[in-house]
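Asks: Sharing a structure with you now.
The values are calculated or read from the model by the stated rules, or taken from the named source; none is laboratory data. Given the structure is predicted, the values throughout are model-derived calculations rather than measurements. All Cβ positions, even for glycine, are placed from backbone atoms using ideal geometry, and neighbour counts span all protein chains on display.
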Amino acid sequence: MKLSTRGEYGLRAMFDLAQHFGEGPIALRSIAERQDISENYLEQLIASLRRSGLVDSFRGAQGGYTLARAPDNIRIGDIIRVLEGPIAPTDCVSERDAELCDRANTCVARLVWEKLRDSIVEVLDSYTLQDMCNEFQELNKETTN
């Protein structure tokens with residue numbers, strides 16, 4: 001399973017918003033510059049995240065975007081599902097709307113795909129934006145010492 005740039009860039013944008021949580025709305029241009037993402041592409045990603053309720057938008061001269069919830073209340077899995085869809089290495093073990101094949105009850109490979117899906121889901125759902133911010137601070141401590 002490989003994430004597309006939607007998942008990768010979307011997570012970077014959400015991380016950026018998490019780093020600036022509580023500072024008020026952040027301009028899309030600022031996020032795009034800091035994260036080295038095309039502003040047009042970022043606009044599409046943020047629109048999806050806003051529709052899903054993970055991001056709030058504010059209009060006007062001081063407008064921009066903020067997280068809709070605190071960083072410790074947004075799981076990485078929530079972001080990836082919005083941008084990439086259900087988490088699954090194959091269609092037959094999708095988190096929702098699994099396409100069962102004729103061999104579903106006897107397919108040994110399906111058991112492997114289910115375990116892989118469950119492992120990925122466990123990691124993504126146990127990790128929050130706040131965890132990412134904390135790890136970023138730790139990494140920066142190590143590089144400045």
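Asks: Kindly provide the set of residues from the range 37-50 that are exposed (fewer than 13 other Cβ atoms within 10 Å of the Cβ) and in contact with a Phe, Trp or Tyr (Cβ under 9 Å, 6 or more places away or on another chain), ordered by number.
Replies: S38
Asks: Given the structure, is R29 of a type in the set (K, R) and over 18 Å from R6 (Cβ atoms)?
Replies: It is true that R29 is of a type in the set (K, R) and over 18 Å from R6 (Cβ atoms).
Asks: Only one of R51, R75, R29 is out of contact with any His (no Cβ under 8 Å at 6 or more places or on another chain) and more than 26 Å from N140 (Cα to Cα); which? Steps first, please.
Replies: Details: R75 fails: more than 26 Å from N140 (Cα to Cα); R29 fails: more than 26 Å from N140 (Cα to Cα).
Among R51, R75, R29, only R51 is out of contact with any His (no Cβ under 8 Å at 6 or more places or on another chain) and more than 26 Å from N140 (Cα to Cα).
Asks: Okay, moving on. For the condition farther than 23 Å from Y127 by Cα and of a type in the set (D, E, K, R), what is the one hit in R59, R34, R51?
Replies: R59
Asks: May I ask you to say which residue of D78, D56, D91, D125 is over 17 Å from the mean Cα position of the chain (by Cα), of a type in the set (D, E, K, R) and either closer than 30 Å to I26 by Cβ or loosely packed, with under 14 Cβ neighbours inside 10 Å (or both)? I'd like the intermediate steps shown before the answer.
Replies: Numbers: D78 fails: over 17 Å from the mean Cα position of the chain (by Cα); D56 fails: over 17 Å from the mean Cα position of the chain (by Cα); D125 fails: over 17 Å from the mean Cα position of the chain (by Cα).
When all the criteria are applied, what remains is D91.
Asks: Right, another one. For residues that are buried (at least 16 other Cβ atoms within 10 Å of the Cβ) and closer than 15 Å to E43 by Cβ, scanning just the range 59-75, find the one that is nearest to the chain's Cα centre (by Cα).
Replies: Ranking the qualifying residues of the range 59-75, first place goes to Y65.
Asks: Okay, next question. Could you tell me which numbered condition K115 fails, if it satisfies all but one of (1) crowded, with 16+ Cβ neighbours inside 10 Å; (2) modelled with pLDDT of 90 or more?
Replies: (1)
Asks: Count, please, the residues in the range 40-68 that happen to be of a type in the set (D, E, K, R) and closer than 11 Å to A13 by Cβ.
Replies: 1
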